[in-house]
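What follows is a set of notes on a single structure, which appears directly below.
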Amino acid sequence: MPLSIRRDDLLPGRNFIGRWCEARQGRRFDVADPATDTVFASVPDSGEDDARAALDAAHAAFPAWRAMPAKQRAQVLKRWNDLIVANQEDLGRLISREQGKPLAEGRGEVAYAASYVEWFAEEATRANGDVIAAPVAGRRMFALKEPVGVVAAITPWNFPAAMIARKIAPALAAGCTVVCKPAEDTPLTSLALIKLAEEAGVPPGVLNIVTASRERAAEVVDVWLDDPRVRKISFTGSTPVGKHLARRSADTLKKLSLELGGNAPFIVFDDADLDAAVDGLMVAKFRNGGQTCVSPNRVFVQAGAHDAFVDKLAARVAALKVGPAGDEGSQIGPMINARAVDKIERHVHDAVERGARVVVGGQRLAAVGRNYFAPTLLTGADATMACACEETFGPVVPVTRFESEDEVIAAANSTPFGLAAYFYSSDVRRIWRVAEALEAGLVGINEGALAAEAAPFGGVKESGYGREGSVHGLDDYMHLKYLCQGQL
Ligand code: NAP
């Protein structure tokens, strides 16, 4: 087993509800390695009872946690950060084993997750309110920041450590308590992180996690959606599920952060540095095999640069090494599961039927394993193709040729989504024009790697609302209380 870990206790294999425990009904489900489809672990398949028990624990723990001075909460988070960093190798291996990303990326994700914990440990001590200049005599006016209450965090499989950290760290920093459900495909990394949080001194009941199979995900989450004691839902995942959560939590008017799907455009203008643009696209597109929400899904190249750009890109895409996460040289691992590969294949077939040309790849890599797809470059893509309308979430680059700036801005914005967008240009006037015209929450300008704990991460339109990270990230877990003292 090339991805074995040193600390066996980082695989608790149970729920954490004030203590480590089995699901009430005793059910479990299997966790498989996407590289081989081999089952290598199992975790509780929780249901309604477990979800309610977790919520009871989080609700009971809230008064003491919110009353703890922010500096003490920050110290707990700092210890959690230190433990995550100290266990980077084991956590990286766990991520690669259950999620399939190459080991170097697994290690990188751990560092990225830790950066959010450290950031919010620091932000916890700066959650200051305001002293307001009163407009009338004899009054003093203040705005206090208070934690919203119990937070339900629901996370996807593509960044099993980072998504947990990006939600739980600000919630705990703000003084909220948490119930959490990780994705079916990647529960182990989340449980390992909770184990380290326990070790860091997060008190029992403050942070609870229940794992569930895809069949029971709704059963667990519905308990939290319907219960008025949950005051906020923090969700990262697909847009259809995000909309369902927004609808179902409307009856109890919960605060929501929804980090949803994208359909990122990547635009290369004639005046761009083409080598830099190819480098940026390779980084942005092929990280995690294209299974990221900010992955460029549609690549637009201006006519004058098109052929040179495609030639340079084809050489780089053809050279990518595909293989299991445990092979140090692998740059693209397996896709998360068979459904993901089916979708990628459907997109490529649909594009070819509608006139796209396969320049590199274009097929499954069955000789490597069932869940592998070749890094693929298509030209002649257009807006009618499935790969232009839906997230492909795989290693496929569909290139569309364009003529004018107006035309490409209209095409880039012609999607209900608005998470990330990228463009390459060396014209400073164009840079400001295009950056302001793109309908997206994040814009990479001559840059393919955008995410950082210090930056506000989130989308517009149907990519959701709320921001994670940055000096604004804590506000999503707090509300403002206005105090007015009279008779002075
Ligand atoms: P998903 O199917 O929406 O699942 C996300 C989470 O929701 C999982 O824990 C899932 O559990 C749970 N879930 C599924 N159906 C549910 C239901 N009916 N009620 C309650 N919970 C439910 O998304 P995914 O396929 O895991 O993740 C990929 C998506 O996430 C992509 O669209 C990607 O763009 C998006 N994403 C966005 C960001 C961002 O910051 N904007 C970051 C990363 C990923 P199961 O795993 O058990 O199904």
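Considering every residue within segment 227-240, establish whether at least one is modelled with pLDDT of 95 or more, more than 9 Å from the ligand (Cβ to nearest atom), under 21 Å from R19 (Cβ atoms) and in a helix (DSSP H, G or I).
no
Can you tell me which of L207, L188 is crowded, with 24+ Cβ neighbours inside 10 Å and either over 27 Å from N128 (Cβ atoms) or free of Cβ contacts under 8 Å to residues at least 60 places away in the same chain (or both)?
L188
Filter segment 459-468 for residues that are on the phi > 0 side of the Ramachandran plot and within 10 Å of the ligand (Cβ to nearest atom); which is surrounded by the most Cβ atoms within 10 Å (Cβ to Cβ)? I'd like the intermediate steps shown before the answer.
Going through segment 459-468, the residues on the phi > 0 side of the Ramachandran plot turn out to be 461, 464, 466.
Narrowing further to those that are within 10 Å of the ligand (Cβ to nearest atom): 464, 466.
Numbers: G464: 28, G466: 24.
Out of the qualifying residues, it is G464.
Pull up segment 253-267, narrow it to residues that are closer than 18 Å to L377 by Cβ and in contact with a Leu (Cβ under 7 Å, 6 or more places away or on another chain), then point me to the one that is surrounded by the fewest Cβ atoms within 10 Å (Cβ to Cβ).
Across segment 253-267, the extreme among qualifying residues is F266.
Regarding segment 300-317, can at least one residue be identified that is within 18 Å of G262 (Cα to Cα) and touching a strand residue (DSSP E or B) at 6+ places or on another chain (Cβ under 8 Å)?
Yes: segment 300-317 contains one or more residues that are within 18 Å of G262 (Cα to Cα) and touching a strand residue (DSSP E or B) at 6+ places or on another chain (Cβ under 8 Å).
For V178, indicate whether it is within 13 Å of the ligand (Cβ to nearest atom), among the hydrophobic types (A, V, I, L, M, F, W, C) and within 19 Å of A53 (Cα to Cα).
no
Any idea which residue in segment 200-225 is nearest to T236 (Cα to Cα), counting only those that are touching a Gly at 6+ places or on another chain (Cβ under 8 Å) and more than 9 Å from the ligand (Cβ to nearest atom)?
Let us first name the residues in segment 200-225 that are touching a Gly at 6+ places or on another chain (Cβ under 8 Å), namely 204-205, 208, 212, 216, 219-220.
Next cut, more than 9 Å from the ligand (Cβ to nearest atom) only: 204-205, 208.
Details: P204: 25, G205: 23, N208: 18 Å.
If we take residues in segment 200-225 being touching a Gly at 6+ places or on another chain (Cβ under 8 Å) and more than 9 Å from the ligand (Cβ to nearest atom), then N208 is nearest to T236 (Cα to Cα).
Which residues, counting only those in segment 311-327, are under 30 Å from N413 (Cβ atoms) and crowded, with 22+ Cβ neighbours inside 10 Å?
L313, V317, listed by residue number.
Suppose the filter is surrounded by fewer than 22 Cβ atoms within 10 Å (Cβ to Cβ), among the small types (G, A, S) and touching a Gly at 6+ places or on another chain (Cβ under 7 Å); does S330 pass it?
In short, no.
Of the residues in segment 373-423, how many are in contact with a Cys (Cβ under 9 Å, 6 or more places away or on another chain) and either among the basic types (K, R) or farther than 17 Å from A351 by Cα (or both)?
3
State the number of residues belonging to segment 71-126 that are more than 29 Å from K145 (Cβ to Cβ) and acidic (D, E).
Going through segment 71-126 one residue at a time, the tally reaches 5.
Exactly one condition in (1) at pLDDT 95 or above; (2) not in a strand (DSSP E or B) is not met by Y482; state its number.
Among (1) at pLDDT 95 or above; (2) not in a strand (DSSP E or B), the lone unmet condition for Y482 is (2).
When you go through E98, E89, E109 one by one, which is the residue that is in a helix (DSSP H, G or I) and surrounded by fewer than 24 Cβ atoms within 10 Å (Cβ to Cβ)?
E89
Residue-wise test of (1) touching a residue at least 24 places away in the same chain (Cβ under 8 Å); (2) under 22 Å from the mean Cα position of the chain (by Cα).
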{"site": "G304", "(1), (2)": "yes, no"}
{"site": "L313", "(1), (2)": "yes, no"}
{"site": "K321", "(1), (2)": "no, no"}
{"site": "P334", "(1), (2)": "yes, yes"}
{"site": "A351", "(1), (2)": "yes, no"}
{"site": "G361", "(1), (2)": "yes, no"}
{"site": "R364", "(1), (2)": "no, no"}
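Would you mind finding the one in A250, A276 that is surrounded by fewer than 24 Cβ atoms within 10 Å (Cβ to Cβ), over 23 Å from C180 (Cα atoms) and out of contact with any Lys or Arg (no Cβ under 8 Å at 6 or more places or on another chain)?
Of the residues listed, the single one that is surrounded by fewer than 24 Cβ atoms within 10 Å (Cβ to Cβ), over 23 Å from C180 (Cα atoms) and out of contact with any Lys or Arg (no Cβ under 8 Å at 6 or more places or on another chain) is A276.
Among the residues of segment 92-131, write down those that are of a type outside the set (K, R) and free of Cβ contacts under 8 Å to residues at least 24 places away in the same chain.
Within segment 92-131, G92, G108, N128, D130, V131 qualify.
The values are calculated or read from the model by the stated rules, or taken from the named source; none is laboratory data. These numbers come from a predicted model, not from an experiment. Cβ sites come from the backbone with ideal geometry, for glycine too, and all protein chains shown count toward neighbours.
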